[in-house]
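Here the structure comes first, spelled out in structure tokens, and everything after it is commentary.
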Amino acid sequence: MATLFLETPQATHSTQFWGTIGGSVTRDATAARDPVGLSSWKCASGAGNAAAYLLTASLTSRRASAYFYFEHFPASDVSILWLNGGMSLKITSGGVLKETTSGDTGSTLATGTLYRISITQDGINFRVYVNGVIDITTANADPSGLDARFGWLSAPGANRILNVSHCYVDDDASGDDPGGGNALRVTAKLPDELNDDNYDSTEGTGAVNERPINEANCKHHDARSQVLQDWTLETAAEGDVDISGDTLVARCAWMWAMSSKDGDTVCIVDNGDSATCWPDIDGVVQLCTKITDSAVYPSNAAGIGQKSGPAAPDEYLYECGTLIAYIVSIIPAAIAPPLGGQVI
């Protein structure tokens, strides 16, 4: 199994991780719409009744999972979670989950409630899970999809709102829920203490742990030398969420970076490793990511950062951090359970 995508709005407070944004999708800091009380993506159709969704870049995906909070249900059936045209999940105007191709139905959901919903494809069956419990099984041998989509995938009716958070995608063909019977979530960890400090200039404050991204502050290296600029990572217990007692699934090291020199190569520092590089990102600020499946929390002093290119460096590191996908060991009791069961 390989993790293909993981994301939380807490990473950058904006949509840099997504390949495409359809319609109006904005960060919403309403605590009740996120299982950890921080933020989620608000997909709003508006008065013009438009689709509003998030789409990943091309992925060979077989499982997707996310938290959903419906402020409203659609006026008619609308897909909310998709792996390809033959693997998508709809919700009806009455809140009933429905597999798109067969029309098979599952649970009736409620507005104003958080649900973790997963869809899987094992090459024989398409399955839907709600809060870790199997809800729909439909014979569907469609191959794995080329992207994953979350939100209102078509027009749901005017002024309808759906919140999505803790999005996760992998290529596992087992057909099982990626979180099992527990909660699969994603949290953001930021740079902490300075480790290697070899870049030759600082712009603004030099901070690389800001949310939202602030390009006025960065670390900059102009000399023709290959050097490291990195920091320790917040510990498992620090930052937005304490995950020190939870089961880790994968991490995604990321940086918002640029080089102004044609043909330059920029490398990311991830838990002491700096071998993953991007050539020719000259003149355009972009997101660089490196995903690692690991049940071990990063512990190297060079937790996150950047390595300059060897030939014609002129690198800028604006922000960086690491996302962690994890399975919760203890479920907070403060959130009311949906469907009469445990909230996960």
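The values are calculated or read from the model by the stated rules, or taken from the named source; none is laboratory data. Given the structure is predicted, the values throughout are model-derived calculations rather than measurements. Don't worry about glycine lacking a Cβ; one is built from the backbone with ideal geometry, like all the others, and counts go over all protein chains shown.
State whether the residues of region 79-98 include one that is over 18 Å from the mean Cα position of the chain (by Cα), part of a loop (DSSP other than H, G, I, E, B), buried (at least 21 other Cβ atoms within 10 Å of the Cβ) and not aliphatic (A, V, I, L, M). No, the conditions are met nowhere in region 79-98.
Of the residues examined, Thr111 is not one that is farther than 14 Å from His166 by Cα and outside any loop (DSSP other than H, G, I, E, B).
Taking the listed residues Ala158, Ala110, Ala141, the one that is free of Cβ contacts under 8 Å to residues at least 60 places away in the same chain and loosely packed, with under 15 Cβ neighbours inside 10 Å is Ala141, with no other qualifying.
Taken over region 1-22, the criterion of being more than 20 Å from Arg63 (Cβ to Cβ) and crowded, with 19+ Cβ neighbours inside 10 Å is satisfied by Pro9, Gln10, Ala11, Thr12.
The single residue among Arg185, Arg211, Arg224 that is at pLDDT below 95 and not polar (S, T, N, Q) turns out to be Arg224.
For the structure I just gave you, tell me whether Ser154 is at pLDDT below 95, of a type in the set (Ser, Thr, Tyr) and part of a loop (DSSP other than H, G, I, E, B). No.
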